[in-house]
Amino acid sequence: MMETVIQTSEYTVYKINRIQTLISKTEQIIYERKPSVVKIDIPKLFEQPYIRPKNLVSDKIKSLNTAKKYLTELEDLGLLTKSKLGKEYIWFNTALMDILSSEE
């Protein structure tokens, strides 16, 4: 049983490291290619594999329209993929989804 706990722990640490690397790459791309989007709380993009505009509204981003604009700009950079769910659009962090769903 202890071997299973060790393997699970190592696997979890490996996934966490991959996600941290992805966060760093995402920050770098945003700072270099779209500094206007820096107002986004980047860790919010990694809380779940998807994000709704209302999740970005904060002290820095006051309106849904601004949040949608920023998410669209991240989509243009290839960081997110937009999909319609019911009446609203949500943006998927496909790279995060790949890490979470991979078995390696």
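Just so you know, all these numbers are worked out from the coordinates, no wet-lab data involved. All of these numbers come straight from a predicted model, not from anything done at the bench. Cβ: placed from backbone, ideal geometry, glycine included. Neighbour counts: every protein chain shown.
A compact table of results
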read-out	value
(i) 40, 25, 19; (ii) 46, 37, 19; (iii) 52, 34, 24, with the label sought being that of the calculated Cα extents along the principal axes in Å	(iii)
FRET E, pair Thr81, Tyr14, Förster distance 30 Å, beta-carbon r, rounded to 0.05	0.75
Thr21-Lys69 pseudo-label distance in nm [points 7 Å out on the Cα-to-Cβ vector]	3.5 nm
Near-label residues of the range 14-55 by backbone N, under 11 Å of a point 7 Å along Cα→Cβ of Thr94	none
Cross-link pairs beyond the 25 Å C-alpha cut-off, checked among Lys34/Lys62; Lys62/Lys84; Lys15/Lys54; Lys15/Lys39	Lys15/Lys54; Lys15/Lys39
Segment Asp41-Ser101, length gained on full extension (0.36 nm per residue, minus Cα span)	19.2 nm
Percent RCO, i.e. relative contact order, over the chain, from Cα pairs under 8 Å lying at least 6 residues apart	25 percent
MRE, 222 nm, helices only [DSSP H, n ≥ 4, -39500 (n - 2.57), over the chain, to nearest 500]	-17000 deg cm²/dmol
